[in-house]
Amino acid sequence: MTQPPFKLEGLDHVVLLVRDMAEARDFYEQVLGCTVDRALPEYGMLQLRAGASLIDLVDIGSKEGDWGRPEVEGGRNMDHVCIATGPCTEQEMRAHLARHGVSIVEEGIRYGAKGDGMSVYFCDPSGNQIELKSPIAD
């Protein structure tokens, strides 16, 4: 069994799909104590600080958040889960996933709970979208 070229550090963020951003924001701020980390209105998105992690809300009731709307009414309400990793080069990450027959769906530099980092998206065998996010290599 091959070991990954990175160490898991915990959840970076989850992306939840909501139908009413004002209602969702009120719930996460008032009930859970989250604070706004940053807003991305062009994506219908609000990133909330939840301790060391983020909860990203996408308003699928808005034109800007349409990208996250499930294909079937009543479908999924979570877009993906992001797992933070320790340092790893892009080449090591790609090679490790390829050895396991995992196809990368999307990759690039993305913002998360620890700032910008290398981000790789793929699906698990059940179709759940996973993002691995590592610090930008020096």
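Numbers at a glance
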item	result
The lone exception for residue 24 - which of (1) small (Gly, Ala, Ser); (2) open to solvent by 30 Å² or more (accessible area, probe 1.4 Å); (3) not in a loop (DSSP other than H, G, I, E, B) it fails	(2)
Only one of 83, 136 that is touching a Gly at 6+ places or on another chain (Cβ under 9 Å), at pLDDT below 90 and under 26 Å from residue 21 (Cβ atoms)	83
Residue among 65, 44, 101 that alone is open to solvent by less than 70 Å² (accessible area, probe 1.4 Å) and either out of contact with any strand residue (DSSP E or B) (no Cβ under 9 Å at 6 or more places or on another chain) or β-branched (Val, Ile, Thr) (or both)	101
Any hit, segment 64-78, residues being at pLDDT 90 or above and assigned to a loop (DSSP other than H, G, I, E, B)	yes
Residue in segment 1-21 that is most open to solvent (accessible area, probe 1.4 Å), counting only those that are more than 18 Å from residue 78 (Cα to Cα) and either charged (D, E, K, R) or not in a strand (DSSP E or B) (or both)	1
Of all residues making up segment 104-133, the number that are within 25 Å of residue 39 (Cβ to Cβ) and among the polar types (S, T, N, Q)	2
Every residue from segment 68-82 that is under 15 Å from the mean Cα position of the chain (by Cα) and open to solvent by less than 60 Å² (accessible area, probe 1.4 Å)	68, 79, 80, 81, 82
Residue match in segment 113-127 (condition: in a strand (DSSP E or B), of a type in the set (D, E, K, R) and surrounded by fewer than 16 Cβ atoms within 10 Å (Cβ to Cβ))	yes
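The values are calculated or read from the model by the stated rules, or taken from the named source; none is laboratory data. It should be emphasised that the depicted structure is a prediction, and the values quoted were computed from it without experimental measurement. Positions of Cβ are generated from backbone atoms using ideal geometry, with glycine treated the same way; all protein chains shown enter the neighbour counts. With ligands, DNA and RNA removed, areas are computed over all heavy atoms of the protein, side chains included. Shrake-Rupley method; radii C 1.70, N 1.55, O 1.52, S 1.80 Å.
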